[in-house]
1. Working only within the stretch 89-103, note down all residues that are farther than 30 Å from Gln154 by Cα and either touching a helix residue (DSSP H, G or I) at 6+ places or on another chain (Cβ under 8 Å) or not in a loop (DSSP other than H, G, I, E, B) (or both).
2. In the set Gln124, Gln103, which member is modelled with pLDDT under 95 and either among the polar types (S, T, N, Q) or within 20 Å of Ala37 (Cβ to Cβ) (or both)?
3. In the set Ile194, Ile147, which member is modelled with pLDDT of 95 or more and β-branched (Val, Ile, Thr)?
4. With the structure loaded, tell me whether Leu135 is at negative phi, buried (at least 17 other Cβ atoms within 10 Å of the Cβ), out of contact with any strand residue (DSSP E or B) (no Cβ under 6 Å at 6 or more places or on another chain) and not polar (S, T, N, Q) or whether it fails that test.
5. Which count do you get for residues in the stretch 93-138 that are among the aromatic types (Phe, Trp, Tyr) and under 23 Å from Met184 (Cβ atoms)?
6. Considering only the stretch 38-88, state which residues are part of a helix (DSSP H, G or I) and either in contact with a helix residue (DSSP H, G or I) (Cβ under 8 Å, 6 or more places away or on another chain) or not hydrophobic (A, V, I, L, M, F, W, C) (or both).
Amino acid sequence: MWVSDKLSIDPEYFSKLSMGQHPELLYIGCSDSRVTAEDLMGMKPGEVFIHRNVANIVIPTDSNMNAVVQFAVEKLKIKYIIICGHYECGGVKAALNPSDMGQLNSWLQTLRDVYRLHSDELDQIKEEQKRFDRLVELNVLEQCLNIIKIDHVQRAWYKTGFPQVYGWVFNVRNGELIDLKLDMEKEFEKIRKIYDLKPTT
């Protein structure tokens, strides 16, 4: 059914797919079944390289994440990296309401660290829904920072000016895709003395 549907629209659909991929985007998003990258961006197969995990977390020591980023930057020469979170994220909610979640504890520690880093701001927000939404946004910011700390990204950045990093949030309540308009060069400047890997020669 799916094959025939695709061929009815474009008889050369699979011939074109077999010719390889040349995406300019790496999308890192949440595994949540309600948030599919191609649908929310209006993209077609071959146009975006995708990595998804619980709560769109970037952990540089995660071999899977590291392999995706390295392949995207060094082999595909992608120009843009998008970290996309979403409101009503179960992983973020778990960080707001800590409990023993077994195997998930070590994964969610990164999210809990985001809460710890921004607890002064978050604890001032009395309305639970607004605090939840704000943690989603702050998590996107911190994962954007984690991306630009990665050596593969910095090497390419210093050589070519790419990839550029963007932070988005998908509002599952109304379908809006929100650009957080993060200035990642400015954000990196705040931590440059700690994480800068620019070659000295």
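1. First, pick out the residues of the stretch 89-103 that are farther than 30 Å from Gln154 by Cα: 90, 93-94, 96-103.
Correct list: Gly90, Lys93, Ala94, Leu96, Pro98, Met101.
2. Only one candidate passes the filter, namely Gln103.
3. Details: Ile194 fails: modelled with pLDDT of 95 or more.
Every option except Ile147 fails the conditions.
4. Working: at negative phi: yes; buried (at least 17 other Cβ atoms within 10 Å of the Cβ): yes; out of contact with any strand residue (DSSP E or B) (no Cβ under 6 Å at 6 or more places or on another chain): yes; not polar (S, T, N, Q): yes.
So Leu135 fits the description; yes.
5. Going residue by residue through the stretch 93-138, those that are among the aromatic types (Phe, Trp, Tyr) are 107, 115, 132.
From the residues that got through so far, the ones that are under 23 Å from Met184 (Cβ atoms) too are 115.
Going through the stretch 93-138 one residue at a time, the tally reaches 1.
6. Just the residues of the stretch 38-88 that are part of a helix (DSSP H, G or I), to begin with: 38-41, 63-75.
Passing the criteria: Glu38, Asp39, Ser63, Asn64, Asn66, Val69, Gln70, Val73, Glu74, Lys75.
Conditions tested, residue by residue: (1) loosely packed, with under 12 Cβ neighbours inside 10 Å; (2) within 28 Å of Arg173 (Cβ to Cβ); (3) of a type in the set (A, V, I, L, M); (4) in contact (Cβ under 8 Å) with a residue 12 or more places away in the chain.
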{"position": "Ser31", "(1), (2), (3), (4)": "no, yes, no, yes"}
{"position": "Lys44", "(1), (2), (3), (4)": "yes, yes, no, no"}
{"position": "Val54", "(1), (2), (3), (4)": "no, yes, yes, yes"}
{"position": "Ile57", "(1), (2), (3), (4)": "no, yes, yes, yes"}
{"position": "Gly85", "(1), (2), (3), (4)": "no, yes, no, yes"}
{"position": "Val92", "(1), (2), (3), (4)": "no, yes, yes, yes"}
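The values are calculated or read from the model by the stated rules, or taken from the named source; none is laboratory data. Keep in mind that this is a model prediction, so the values were computed, not measured. Please note: Cβ atoms are built from the backbone with ideal geometry, for glycine as well, and neighbour counts cover all protein chains shown.
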